[in-house]
1. Please determine, by comparing only the residues of the stretch 118-127 that are in contact (Cβ under 8 Å) with a residue 40 or more places away in the chain and assigned to a loop (DSSP other than H, G, I, E, B), which one is farthest from the chain's Cα centre (by Cα).
2. I'd like the full set of residues that are under 16 Å from the mean Cα position of the chain (by Cα) and of a type outside the set (Ser, Thr, Tyr), limited to the stretch 200-216.
3. When you check Ser2 against the structure, is it over 19 Å from the mean Cα position of the chain (by Cα), in a loop (DSSP other than H, G, I, E, B) and either surrounded by 16 or more Cβ atoms within 10 Å (Cβ to Cβ) or modelled with pLDDT of 95 or more (or both), yes or no?
4. Just name the residue that is nearest to Glu224 (Cα to Cα) out of those in the stretch 1-29 that are of a type in the set (Ser, Thr, Tyr) and touching a residue at least 60 places away in the same chain (Cβ under 8 Å).
5. For a quick check of your reading of the model, give me the residue pairs whose first member lies in the stretch 195-206 and is in contact (Cβ under 8 Å) with a residue 12 or more places away in the chain and within 11 Å of Gly49 (Cβ to Cβ), whose second is surrounded by fewer than 24 Cβ atoms within 10 Å (Cβ to Cβ) and among the small types (Gly, Ala, Ser), with beta-carbon atoms closer than 7 Å and at least 6 apart or on different chains.
6. Looking at Val162, Val180, Val131, which is the one that is modelled with pLDDT of 95 or more, closer than 19 Å to Val37 by Cβ and surrounded by fewer than 22 Cβ atoms within 10 Å (Cβ to Cβ)?
7. Give me the residue from the stretch 140-151 that is touching a strand residue (DSSP E or B) at 6+ places or on another chain (Cβ under 7 Å) and free of Cβ contacts under 8 Å to residues at least 40 places away in the same chain and, out of that set, nearest to Glu233 (Cα to Cα).
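The values are calculated or read from the model by the stated rules, or taken from the named source; none is laboratory data. All values derive from a computational prediction rather than experimental measurement. Here the Cβ positions follow ideal geometry from the backbone for every residue, glycine too, while neighbour counts run over all protein chains shown.
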Amino acid sequence: MSNLKISVAQIASIKGNVDENLSIHLKAIEKASELGVSYIVFPELSLTGYEPELAKHLAFSIDDKRLQPLIDSAVRNNINIGVGAPLMSDGLPKIGLIIVSQSGAINTYEKMHLHPGEEDYFDKGECHNVVTISSTNIANGICADANNASHVQACSDLGAEVYIAGVLITEAGYDSDTAVMAEYANQYNMLVAMANHNQPTGKWAPIGKSAIWSNEGLLACASEYQNALVVAEKMNTKWFGQVVEI
């Protein structure tokens, strides 16, 4: 592969409807594969919607049969996939990222920093997650993780050159949250990407505008309600961005 391509997917999730949400994910994955993307990441809890009250009932295990369409797609399309879902644990479920490699292997990351109120429904994760794709170290985060400088610092210390977070960001928080992400890209000389929902989910109204930044600033940003892939491509040592409608 000549140039590394990484993408975040901006989609809407339907409340508790895993089958329908899988269909939306698979459509985005096919489009990303056509573009030559190596790793695509979806918003926080994208497979179920951001529905804390339903999380325990809908929680996934790593051998969950509902993941088979994603495994098949990853292998068929030679692509690595990160999808948001509640994960089973000994106590409350965790807010998770399920990472399906291009070989079909499953890896997970569990959100380490919870927003106020999430602790009523979820437990915290304890370990950072950095995957290596095409010789590039990519750190994964979920929403509030990216609001904690210590999380990004730790990922940088682990050698991450890219930091990607699936999020749920509303209009009220967008400017402040994205200013922080842009600063991370500059401070740590890393690519920073975030995948946001673009339609209401749970009690929230996320604003879309999924985006990617390099140390030179904003590379690409989707519009509010667009179903889209925001793609960053590395050519030699420089990143370039584009938005592709799904």
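1. The qualifying residue farthest from the chain's Cα centre (by Cα) is Tyr121.
2. Result: Pro206, Ile207, Gly208, Lys209, Ala211, Ile212, Trp213.
3. no
4. Among those residues, the one meeting the criterion is Ser13.
5. His197/Ala12; Gln199/Ala12
6. Going through Val162, Val180, Val131 in turn, the sole match is Val131.
7. Per the criteria, the residue is Gly141.
Each row is one residue, and each column tells you yes or no for (1) within 25 Å of Lys203 (Cβ to Cβ); (2) touching a Ser or Thr at 6+ places or on another chain (Cβ under 6 Å); (3) β-branched (Val, Ile, Thr).
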residue: Ile14; (1), (2), (3): yes, no, yes
residue: Asn21; (1), (2), (3): yes, yes, no
residue: Ile24; (1), (2), (3): yes, no, yes
residue: Ser33; (1), (2), (3): no, no, no
residue: Gly49; (1), (2), (3): yes, yes, no
residue: Leu58; (1), (2), (3): yes, yes, no
residue: Leu67; (1), (2), (3): no, no, no
residue: Asp72; (1), (2), (3): no, no, no
